[in-house]
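Take a look at the structure set out below.
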Amino acid sequence: MKKRVLVILLVLTGLAGVALWLRQNYWTDHMLRMSHQKNLAKVTCFNCHLVSTDRLRWAQPRPHHDAPAGLAVSPDGKKIYIALDDRDEVAEADTASRQVLRRAKVAGRPFGLALDAAGKNLFVTCRDGDRLAVLDTQTLSETGSVPVGMAPVAVAFCRTAAGDRLVVANSMSDDISVLSVSPLQELGRPSAGRDPFAVAITPDGTRAFIANRLVSLATGHTIPASEITEIDPMTARTARRETLDSAHQSEGICAVPSRPWMLAPLVKVRNLVPITQVANGWVMSSGLAVTDIKTGNVIQMPLDEANNYFADPSGIVVDPAGRRAFVASGGGDVVTVVDLERLAGWLEKADPAAKREAVYDMSLAPEYVTARIPTERNPKQLALSPDGGTLFVAERLADSILVVDAKSVAAQGRIVLGDGGLNDPIRRGEKVFTKAGFTFQNQFSCRSCHPDGHVDGLSYDFDTSGIGDNLLDNRSLMGVAGTEPFKWNGKNPTLEVQCGPRFARVLMRTDPIPQKELLDLTTYIKSLPPHRVATRSADGTLTPSQERGKAIFFATKTPGGQEIPHERRCSTCHRPPLYSVRLSFDVGTGGMFDTPHLLGVAASAPYLHDGRAQSLEELWTIYNPNDQHGVSSYMNKIQLNDLVDYLKTL
Ligand code: HEC
Ligand code: HEC
Ligand code: HEC
């Protein structure tokens, strides 16, 4: 309705305008006044009018696929359960015949799975439903459900002296739900690191270890460090928090029977080193964090080879004898087999300095990596049969489960879940996005820096000059459609330019992505909706605090009645519905920057072009001394809280 009125208005005033045009240059004046630009070279009426998110690719329906997420194998090894998050289903397959037997609807994007000791109950984390569902494995129907934190992605079952427990990693609320099984209820919610993503229990059931994907915000500009969180599942209390220096993106974690070890894959990252060094060293490499569960000491070991990398490590499993670990490489399409006895042998001989430097030694992996099992596209979660004889690999973007004889590491066949989505350009684009094969020595994929199309929370030095002097905060690709130009400096007019020649020149150091794949890639990016945020209600209603914040965002006067100059009102530059007029301004942060859109902004800390602000509050408490970035000096603590509360709903 509003749109139609605007169109009619526009036509009418357009007609009137034509008459006015010659005499008064009415519209030029209007655009200059409204845009605060020195010239109008980059400005059209569509920077500010007739903008709609309804027409964007992410607002359109898209095809869904049978992409396998979490896996769980029954205690007798006969059945495997597979979470199909994109379908809102859980599938059950027969491991011998490799046929899907049943599928059950589970609302809210079922993602992580765990079985109880008897295999009677299947616990399912629902990533979009913010709940844990219980399925009876006899009937494969839901028998219980309990709310947990935001975006739960992983669950582990554990027996304690005080009864059975479930430990759930809530990836978006950065905490851990500890539940009792009967009755099914939450006992506590200790905090985790940033983006907790995997849970494992020690063999004696006294500790749960949680791997976190993103680095803690406070460390982003020094040595980035992520965390392994340890909690006591019986009491739901935090026991210890270990840091993984210069490492992040752990998506899996696994205990080692017969050794006091917890293993988590990780990505070693040198984001503060100029990215151009990718040609004469590495920017990113894969490793394995070996945590001593008694002392909490962590040693990082490399998984890559000097001239060949296996990007985006994800799921990990260890056989029941504790002899071998299997690590999926989502970008390299292999599962790496690690001989833990050889690894232990190396660790026994190595002195402390050698252990500290181990992860930088690219000649080391052949000492204990005994095989690389090739897979279809994008292997993520792994599972082993309880006897350790069969390895199951979720080939996420091929819609299949690879079944491997764990001993001989020979492929035995596949459980076929879907058709791989070859006719869907979005799906094909996701395959390009996650493939490391487009970079020099397969070092990384787009996904290595943009997990799930979002941010890794780091700033990178994309400069060719010195070290760490041109840091650029990573940007989310979620909700990016229609917000061109791209980059913080606004120099890239389209996604095709951003992801094609530029990426090849600066990052890949190989040939550009071929045209057809590039088109699929940009289609995929355009299909990513803005990041889900906790405080955005489904029906758009706002809390009183959010309402007050909205009034501040759109205010033309301070509460004291003083006029806020037009160019210093939030809504002048961050105009709905994208919350950006897509023009560059100097807001006192050190130059001209493209106005970022604010859709899903709550989820993409840190902020500003170089990531200097750790929180939204800091934008105004620290980085707006002269009211250049909106007039904020009048705001008291409550008003600033209200404004931030509102921003978190966008
Ligand atoms: C930089 C942003 C910007 C640009 C570019 C811009 N406008 Fe506007 N326009 C505004 C704002 C702000 C208003 C005030 C009402 C509102 O907020 O919608 C407005 C109001 C209007 C109105 C309502 C009548 C009025 O004058 O208040 C019309 C019609 C209009 N613009 C047409 C145009 C046309 C035609 C162009 C292109 C030649 C254009 N605008 C370019 C920001 C812009
Ligand atoms: C080494 C980490 C890294 C890799 C790999 C990477 N990006 Fe980025 N990406 C960044 C950073 C940092 C920025 C912000 C840079 C800037 O604005 O100048 C960015 C910005 C972008 C933007 C602009 C977003 C906006 O709102 O302006 C797009 C689009 C993008 N990346 C897509 C991709 C695609 C597609 C790939 C793979 C072909 C990729 N990126 C690989 C780190 C990375
Ligand atoms: C003159 C235009 C302008 C005004 C007025 C303005 N902004 Fe901004 N805003 C920008 C620009 C440009 C940046 C990027 C600056 C940088 O990265 O150094 C930005 C950055 C931001 C960011 C950080 C986004 C991110 O992803 O890092 C937020 C949040 C924000 N603005 C909200 C607001 C609010 C709230 C107000 C009002 C109090 C406001 N802005 C007023 C232009 C403006």
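Consider the range 208-225. How many of its residues are modelled with pLDDT under 95 and in a strand (DSSP E or B)? Residues in the range 208-225 being modelled with pLDDT under 95 and in a strand (DSSP E or B): 1 in total.
Can you go through T295, T291 and tell me which one is among the β-branched types (V, I, T), closer than 23 Å to P196 by Cβ, assigned to a loop (DSSP other than H, G, I, E, B) and away from ligand 1 (no atom under 16 Å from the Cβ)?
Residue meeting the stated conditions: T295.
From the set of residues in the range 34-65 that are of a type in the set (K, R) and modelled with pLDDT under 95, which is farthest from ligand 3 (Cβ to nearest atom)? Walk me through how you get there before you give the answer.
At the first step, the residues of the range 34-65 found to be of a type in the set (K, R) are 38, 42, 55, 57, 62.
Going one step further and asking which of them are modelled with pLDDT under 95, we end up with 38, 42, 55.
Numbers: K38: 13, K42: 14, R55: 23 Å.
Here the answer is R55.
Note on the range 552-579: among residues that are closer than 22 Å to E618 by Cβ and touching a strand residue (DSSP E or B) at 6+ places or on another chain (Cβ under 8 Å), the one that is nearest to ligand 1 (Cβ to nearest atom) is C573. Kindly check whether there is at least one residue in the range 247-269 that is at pLDDT below 90, of a type in the set (K, R) and within 16 Å of ligand 2 (Cβ to nearest atom). Within the range 247-269, none of the residues are at pLDDT below 90, of a type in the set (K, R) and within 16 Å of ligand 2 (Cβ to nearest atom). Looking across the range 253-270, just one residue is in a loop (DSSP other than H, G, I, E, B) and crowded, with 24+ Cβ neighbours inside 10 Å, and that is I253.
Every residue, every condition in (1) within 30 Å of T139 (Cα to Cα); (2) in contact (Cβ under 8 Å) with a residue 24 or more places away in the chain; (3) within 16 Å of ligand 2 (Cβ to nearest atom), yes or no:
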{"position": "L9", "(1), (2), (3)": "no, no, no"}
{"position": "A67", "(1), (2), (3)": "yes, yes, no"}
{"position": "A72", "(1), (2), (3)": "yes, yes, no"}
{"position": "D76", "(1), (2), (3)": "yes, yes, no"}
{"position": "I80", "(1), (2), (3)": "yes, yes, no"}
{"position": "D94", "(1), (2), (3)": "yes, no, no"}
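Of all the criteria given as (1) at negative phi; (2) within 16 Å of ligand 2 (Cβ to nearest atom), the one not satisfied by S537 is (2).
Name the residue, out of S476, S448, that is in contact (Cβ under 8 Å) with a residue 40 or more places away in the chain, surrounded by 21 or more Cβ atoms within 10 Å (Cβ to Cβ) and in a helix (DSSP H, G or I).
Details: S476 fails: in a helix (DSSP H, G or I).
After applying the criteria, what remains is S448.
With respect to the conditions (1) buried (at least 22 other Cβ atoms within 10 Å of the Cβ); (2) over 22 Å from H531 (Cβ atoms); (3) among the small types (G, A, S), A411 lacks only one, and its number is (1). Scanning the range 49-71 for residues that are within 25 Å of the chain's Cα centre (by Cα), surrounded by fewer than 18 Cβ atoms within 10 Å (Cβ to Cβ) and among the aliphatic types (A, V, I, L, M) gives a single hit, A59.
Just one of the listed residues (G591, G600) is more than 28 Å from the chain's Cα centre (by Cα) and more than 11 Å from ligand 1 (Cβ to nearest atom), and it is G591. Check the range 224-236 and report whether any residue there is in contact with a His (Cβ under 6 Å, 6 or more places away or on another chain), in contact (Cβ under 8 Å) with a residue 40 or more places away in the chain and crowded, with 23+ Cβ neighbours inside 10 Å. There is at least one residue in the range 224-236 that is in contact with a His (Cβ under 6 Å, 6 or more places away or on another chain), in contact (Cβ under 8 Å) with a residue 40 or more places away in the chain and crowded, with 23+ Cβ neighbours inside 10 Å. Cβ separations smaller than 7 Å between residues 6+ apart or across chains give the following pairs from the range 507-534 residues that are closer than 15 Å to G453 by Cα to residues that are crowded, with 18+ Cβ neighbours inside 10 Å and aromatic (F, W, Y): L521/F433; Y524/F433; K526/W58; S527/W58; L528/W58; P529/W58. When we screen S182, S177, S173 for residues that are part of a loop (DSSP other than H, G, I, E, B) and under 25 Å from A118 (Cβ atoms), the only hit is S182.
Out of curiosity, is R194 in contact with a strand residue (DSSP E or B) (Cβ under 8 Å, 6 or more places away or on another chain), farther than 26 Å from E341 by Cβ and either surrounded by fewer than 24 Cβ atoms within 10 Å (Cβ to Cβ) or modelled with pLDDT under 95 (or both)? Write out each step before concluding.
Numbers: in contact with a strand residue (DSSP E or B) (Cβ under 8 Å, 6 or more places away or on another chain): yes; farther than 26 Å from E341 by Cβ: yes; either surrounded by fewer than 24 Cβ atoms within 10 Å (Cβ to Cβ) or modelled with pLDDT under 95 (or both): yes.
For R194, the condition - in contact with a strand residue (DSSP E or B) (Cβ under 8 Å, 6 or more places away or on another chain), farther than 26 Å from E341 by Cβ and either surrounded by fewer than 24 Cβ atoms within 10 Å (Cβ to Cβ) or modelled with pLDDT under 95 (or both) - is met.
For the range 72-92, the set of residues classified as buried (at least 24 other Cβ atoms within 10 Å of the Cβ) and of a type outside the set (V, I, T) consists of A72, Y81, A83, L84, D85, listed by residue number.
The values are calculated or read from the model by the stated rules, or taken from the named source; none is laboratory data. What you are looking at is a predicted structure, and each value in this text was computed from that prediction instead of being measured. Counting neighbours? That spans all protein chains shown, and the Cβs are built from the backbone with ideal geometry, glycine included.
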